[in-house]
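Worksheet for the structure shown next.
Computed from the coordinates by the stated procedures, all read-outs in this text should not be read as laboratory data. Everything numeric in this text was worked out from a predicted model, so none of it was measured. Don't worry about glycine lacking a Cβ; one is built from the backbone with ideal geometry, like all the others, and counts go over all protein chains shown.
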Amino acid sequence: MFLHSALLYKSVTCEWWLHLQAGNSIVTSWIDNEEQYYAFGSSYGEETNTESSTIKSAKFFLVGCIIRFDLLSSLTRNSVPVLSRRYQQFLHASSYSSPLQAALQCRSWIFSILLDVYSLREWKEKKEVKGLLSLRELVSKAFPIKKTLERGISMNMEEINNFKQNLESTEQSTNTKPEQPSYNILVVTHIFACSVSIFLEVVLSGPLPKLPEIRHEVHRALESYAYINDPDLLNILRWPLCVEASVAEPDQYDFFRSLLASPNVSWIGTFRKSLERLEEYWRVSLDMKYTDASVESARSRRFMAWDILVS
């Protein structure tokens, strides 16, 4: 966990960026080796795949940690991860699901969709620079991403409801409270999915809190936190909290203040910095008048152009 521990204590961009580059160089060959294994089949595996399952799981876990960090930090870096194609292939490989899920701390499909949204953002910005952006084409490209995301949210919510029902019946019959790691994974997946859906709307229309689509998405995101049973989960939710709070309306600010300043947060410094950036952004938003010019300015402004790391 060298990457995770080193980066959270670093505030200077170049320091965590160097760690990320080192991590990328390490995992690139691992991912490529796994691709070769599945491309050439069992004969290739017999010759090259001699590692124990424990070592392989540890490698996949580290790859997952770097994928998580690279993707989440790409929001404020305004970029698509360099290893985007490799990440997608790795995220779609079911054989890695257990160690990968442990590293990502949610279901892997969320990060696959987030990669798609980053790619859409990059495509849009390139078209805008050339003066060739077609809104019809933009919406057309966003539609399958949104459809996949909503299907994932629906299936995940079904699992949450089933888990809660089974949990209640187990508690009633045995008078014990079982451990809930699976439930926590489902809850974190739901919260991240809601924030990715907000981000997709921002890519489509701009960071406009009064926009009906964004209002709807933020409302759903706020409701997602009601499913949390373990307050320590807040420690891994800084990214969705910041995304959601950036397009929240004034009557929702206190909700985000309470979570980002929660006594259950271990990484107090990093959460405090995020809240400071949000407070600055909120002050500007409150002073902004919704004219055609201001809306156009908001749409052209880079979303969450922060000078701090959010991961």
Shape call, region 220-290: gyration tensor on alpha carbons, a/c limit 1.5: oblate
Net charge contributed by nearby residues that have their C-beta within less than 9 Å of Val27 (K/R +1, D/E -1): +2
Filtered trypsin sites (Lys or Arg not before Pro), region 210-290: DSSP coil and at most 16 other beta carbons within 10 Å: Lys210, Lys289
Separation of the Lys164 and Ala22 label points, Cα + 7 Å toward Cβ, nm: 4.4
Cβ charges +1 (Lys, Arg) and -1 (Asp, Glu), total dipole of region 102-234, debye: 720
Long pairs among Lys59/Lys141; Lys210/Lys273; Lys56/Lys141; Lys59/Lys273; Lys124/Lys164; Lys126/Lys210, criterion Cα-Cα beyond 30 Å: Lys59/Lys141; Lys56/Lys141; Lys59/Lys273; Lys124/Lys164
Rg and Dmax of region 81-205, Cα atoms only, in Å: 18.0, 65
